[in-house]
Amino acid sequence: MKGRIRKVDEVAEGVRRIVVDIHLKADPGQFVMVWVPGVGEAPFSVSDIENGLQLVVALRGSVTRKIFSMSEGDVLPVRGPYGKGFTLVKGTVALVGGGYGLAPFPLLSKRLKDLDSHITLLLGFKGSKNYIDPQKVGILADDFIVATEDGSVGFKGLVTEILEDLSGYDMVYACGPERMAVELLRIVNPSKVEISVERLMRCGIGVCGSCVLDPLGLRVCSDGPVFRGDVLLRIEDFGRFWRGWDGRKEEIR
Ligand SMILES: Cc1cc2nc3c(=O)[nH]c(=O)nc-3n(C[C@H](O)[C@H](O)[C@H](O)COP(=O)(O)OP(=O)(O)OC[C@H]3O[C@@H](n4cnc5c(N)ncnc54)[C@H](O)[C@@H]3O)c2cc1C
Ligand code: FES
């Protein structure tokens, strides 16, 4: 499907909120493949679907550079939504995100609020230039704590350092750098955490094998991208390796 870009906002240095005139149904945590003609395709979390498809895009390489060169009125081809998203839990929940990892939280927080859940939002960024105001992307939360590595906004340190007592939550939802997710699994009960995992994707529908996680052979695009913590603990690649374009494993930096 194709839609015109309706709105583009810079929400942090190198991060944009893009709203496309595409109306679809999606579960929180699912993703779409965005196709940029002549450049390639890349997966992006469905950030919201309320007034069109909202994406939160961080500038990285060729596909995202081309998306950043687009403006309101330009056409963006998208396929999906794909994958399995977060399990919605009614109760006391925490949303933990690092950087643009907050992308799936607007839709997730709305669905959790439909269930009347109490949401604590914990976000981590490198510094004030990278800080994304959760209200600007539409995240709903009852409590909000922010950490920056340089201390320029909120608590000084890593978001994982403010995660001391997450045991009281019925579910912890996380999305962000893999080292954050690994640390999270050290702190919380792995059966009460769900983490959205990133891997390089080609087909996005479980066919090509680019996103396979060893040794369980799970495909991030079709078995995930959201996995329960106790499943991730059985994956040797988690926190260590991902596959590059040539299919070979590369160490996660
Ligand atoms: C399920 C899923 C959801 C995602 N949601 C979002 C989102 O909401 N917003 C967002 O900004 N990005 C998201 N991403 C990441 C996004 O797909 C990549 O940043 C994008 O593919 C980069 O494409 P590019 O051509 O601009 O960069 P490339 O030129 O492909 O890559 C630039 C650099 O980033 C590395 N890289 C590329 N893709 C990945 C990856 N998936 N994991 C780790 N390193 C990578 C490359 O090795 C290279 O070093 C998501 C990824 C997945 C798998
Ligand atoms: S991207 Fe092709 S199998 Fe997952």
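The values are calculated or read from the model by the stated rules, or taken from the named source; none is laboratory data. Here the structure is a predicted model, which means the values were calculated and not measured. Neighbour counts are summed over all protein chains in view; Cβ atoms, including those assigned to glycine, are modelled from backbone coordinates with ideal geometry.
Observations on the model:
- Condition broken by Gly209, with the remaining ones in (1) on the phi > 0 side of the Ramachandran plot; (2) crowded, with 18+ Cβ neighbours inside 10 Å satisfied: (2)
- Per-region count, the range 6-33, residues in contact with a strand residue (DSSP E or B) (Cβ under 8 Å, 6 or more places away or on another chain) and either assigned by TED's automatic domain parsing to the domain that holds Tyr100 or closer than 25 Å to Lys129 by Cβ (or both): 12
- Out of Leu123, Leu76, one residue alone is within 16 Å of ligand 1 (Cβ to nearest atom), within 30 Å of Gly206 (Cα to Cα) and not small (Gly, Ala, Ser). It is Leu76.
- The range 191-237: number of residues that are more than 12 Å from ligand 1 (Cβ to nearest atom), within 18 Å of Gly97 (Cβ to Cβ) and hydrophobic (A, V, I, L, M, F, W, C): 2
So that you can scan it fast, the table gives a plain yes or no per residue for (1) within 27 Å of Cys211 (Cα to Cα); (2) among the hydrophobic types (A, V, I, L, M, F, W, C); (3) under 17 Å from the mean Cα position of the chain (by Cα):
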{"site": "Ile5", "(1), (2), (3)": "no, yes, no"}
{"site": "Val8", "(1), (2), (3)": "no, yes, no"}
{"site": "Gly14", "(1), (2), (3)": "yes, no, yes"}
{"site": "Val20", "(1), (2), (3)": "yes, yes, no"}
{"site": "Met33", "(1), (2), (3)": "yes, yes, yes"}
{"site": "Glu50", "(1), (2), (3)": "no, no, no"}
{"site": "Leu76", "(1), (2), (3)": "yes, yes, no"}
{"site": "Val89", "(1), (2), (3)": "no, yes, no"}
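- Within the range 229-242, residues that are closer than 14 Å to Glu198 by Cβ sit with their Cβ atoms under 6 Å from residues that are aromatic (Phe, Trp, Tyr), at 6+ positions apart or across chains, in these pairs: Leu232/Phe238.
- Flag if Val212 is in contact with a strand residue (DSSP E or B) (Cβ under 8 Å, 6 or more places away or on another chain) and within 24 Å of Lys110 (Cβ to Cβ): no
- Hey, Lys90 modelled with pLDDT under 95 and more than 10 Å from ligand 1 (Cβ to nearest atom) or not: no
- Of all residues in the range 228-239, those satisfying the criterion of being farther than 13 Å from Val212 by Cβ and touching a strand residue (DSSP E or B) at 6+ places or on another chain (Cβ under 7 Å) are Arg228, Gly229, Leu232.
- Candidate set: the range 121-148, residues that are among the aliphatic types (A, V, I, L, M) and part of a loop (DSSP other than H, G, I, E, B); chosen: the one surrounded by the most Cβ atoms within 10 Å (Cβ to Cβ): Ile139
- For the range 55-101, the set of residues classified as among the charged types (D, E, K, R) and under 30 Å from Asp170 (Cα atoms) consists of Lys84, Lys90, listed by residue number.
- Candidates Ser109, Ser45: the one that is within 8 Å of ligand 1 (Cβ to nearest atom) and of a type outside the set (D, E, K, R) is Ser45.
- Hits in the range 65-80 - residues which are surrounded by fewer than 20 Cβ atoms within 10 Å (Cβ to Cβ) and on the phi < 0 side of the Ramachandran plot: Arg65, Lys66, Phe68, Ser69, Met70, Ser71, Glu72, Asp74, Val75, Pro77, Arg79
- Cβ separations smaller than 8 Å between residues 6+ apart or across chains give the following pairs from the range 105-120 residues that are over 9 Å from Lys90 (Cα atoms) and in contact (Cβ under 8 Å) with a residue 40 or more places away in the chain to residues that are assigned to a helix (DSSP H, G or I) and of a type in the set (Val, Ile, Thr): Phe105/Val137; Pro106/Val137.
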